[in-house]
1. Are there any pairs, at least 6 apart or on different chains, whose C-beta atoms fall under 6 Å, with the first in region 197-222 and touching a residue at least 24 places away in the same chain (Cβ under 8 Å) and in a helix (DSSP H, G or I) and the second surrounded by fewer than 16 Cβ atoms within 10 Å (Cβ to Cβ) and acidic (D, E), and if so, which?
2. What is the residue count in region 86-106 for residues that are of a type outside the set (A, V, I, L, M, F, W, C), touching a strand residue (DSSP E or B) at 6+ places or on another chain (Cβ under 7 Å) and either in a helix (DSSP H, G or I) or more than 24 Å from E135 (Cα to Cα) (or both)?
3. Would a scan of region 136-148 turn up a residue that is in a loop (DSSP other than H, G, I, E, B), buried (at least 20 other Cβ atoms within 10 Å of the Cβ), touching a residue at least 24 places away in the same chain (Cβ under 8 Å) and of a type outside the set (S, T, N, Q)?
4. Going through region 163-196 one residue at a time, which ones are assigned to a loop (DSSP other than H, G, I, E, B), hydrophobic (A, V, I, L, M, F, W, C) and either at pLDDT 95 or above or touching a Phe, Trp or Tyr at 6+ places or on another chain (Cβ under 7 Å) (or both)?
5. Evaluate region 57-67: report whether one residue or more is more than 23 Å from E163 (Cα to Cα) and either assigned to a helix (DSSP H, G or I) or not hydroxyl-bearing (S, T, Y) (or both).
6. Can you name the residue in region 56-70 that is of a type outside the set (D, E) and within 17 Å of the chain's Cα centre (by Cα) and, of all such residues, is farthest from I248 (Cα to Cα)?
7. Does region 74-85 contain any residue that is in contact (Cβ under 8 Å) with a residue 60 or more places away in the chain and either out of contact with any strand residue (DSSP E or B) (no Cβ under 8 Å at 6 or more places or on another chain) or part of a loop (DSSP other than H, G, I, E, B) (or both)?
Amino acid sequence: MTATISPLIAGNWKMNGTRASLDELSALAGMLTSGAAPRAIVVICPPATIVAAAARQGAPSGIVVGGQDCHVEVSGAYTGDIAAGMLADAGAQYVIVGHSERRSGHGETDEQIRMKAIAAIGAGLKPIICIGETEAQREAGDAEAVVASQLAGSVPDAAENHEVNIAYEPIWAIGTGRTPSNEDIAAMHAFIRQKLVDRFGEKGLSIRILYGGSLKPQNAREILSIENVNGGLVGGASLLASDFYTIISAV
């Protein structure tokens, strides 16, 4: 963990959760307020249908809410999509863009993700921009080249003056239970940090780099202690308050 950067732990609920799931949010709130205050910013990214309810429920305990995606446009004839301003209006403060599941399942390009990040910033949201290589790309020795290309294409110039967070997701580790070695994580986060400094100068030293590949209670403390790991983007383990609280506490 880089000491000068306040850590952030974000839970991505993906396509899981109804109003009944807010009971887990209440349980998490109780855990966060019954003991010492968490050292991390705690973000929950639920389905859009319960963003407003989650924002209201999480606010008293300091839990903030994010969206899982947003459209590049402010409004228009885009049936089924959601604008960044709509998420902000519902109480969101963050939004995930470019998650590997959006890149692979919806064919999103770096350019589209960059435009989504710009739209998010325009609406007052803080984007969490996801990048990461596939197993085939890593085995071919292309991991760094892929990540560098995604950073260059997905991160907007506005990151120089606005909060932007990077989430490194080794795609082959998401939902598989497989985790890169600590050395692999450290090397890639150091590589990302250098690329951010090369592009943004001193500002690049303060941009959060989250780790997002099968982060769970069993490995959170070890991974979150690695240099240049400034928090985590958590998938399945964020659905249960007890598991997510353990990860938050690992900070």
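The values are calculated or read from the model by the stated rules, or taken from the named source; none is laboratory data. Quick caveat, the model's predicted, so the values are computed rather than measured. Here the Cβ positions follow ideal geometry from the backbone for every residue, glycine too, while neighbour counts run over all protein chains shown.
1. Listed pairs, sorted by first residue: F200/E160; K203/E160.
2. Taking region 86-106 first, the residues of a type outside the set (A, V, I, L, M, F, W, C) are 89, 91, 93-94, 98-106.
Now restrict to residues that are touching a strand residue (DSSP E or B) at 6+ places or on another chain (Cβ under 7 Å): 91, 93-94, 98-100.
So of that shortlist, the ones also either in a helix (DSSP H, G or I) or more than 24 Å from E135 (Cα to Cα) (or both) come out as 91, 93-94, 100.
Adding up the residues that qualify gives 4.
3. Filtering region 136-148 down to residues in a loop (DSSP other than H, G, I, E, B) leaves 140-142.
So of that shortlist, the ones also buried (at least 20 other Cβ atoms within 10 Å of the Cβ) come out as none.
Within region 136-148, none of the residues are in a loop (DSSP other than H, G, I, E, B), buried (at least 20 other Cβ atoms within 10 Å of the Cβ), touching a residue at least 24 places away in the same chain (Cβ under 8 Å) and of a type outside the set (S, T, N, Q).
4. Initial filter on region 163-196 (assigned to a loop (DSSP other than H, G, I, E, B)): 163-164, 169-170, 174-181.
Then drop every residue that is not hydrophobic (A, V, I, L, M, F, W, C), which leaves 164, 174.
Listed by number, the list holds a single entry, V164.
5. We begin by selecting, within region 57-67, every residue more than 23 Å from E163 (Cα to Cα); these are 57, 60.
Keeping just the survivors that are either assigned to a helix (DSSP H, G or I) or not hydroxyl-bearing (S, T, Y) (or both) gives 57, 60.
Yes, that holds for at least one residue.
6. Step one: of region 56-70, the residues of a type outside the set (D, E) are 56-68, 70.
Keeping just the survivors that are within 17 Å of the chain's Cα centre (by Cα) gives 63-68, 70.
Details: I63: 12, V64: 14, V65: 15, G66: 17, G67: 19, Q68: 20, C70: 26 Å.
Filtering first and then ranking leaves C70.
7. Within region 74-85, none of the residues are in contact (Cβ under 8 Å) with a residue 60 or more places away in the chain and either out of contact with any strand residue (DSSP E or B) (no Cβ under 8 Å at 6 or more places or on another chain) or part of a loop (DSSP other than H, G, I, E, B) (or both).
For (1) small (G, A, S); (2) in contact with a strand residue (DSSP E or B) (Cβ under 8 Å, 6 or more places away or on another chain), each residue gets a yes or a no:
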position	(1), (2)
P170	no, no
A173	yes, no
D184	no, no
L196	no, yes
L233	no, yes
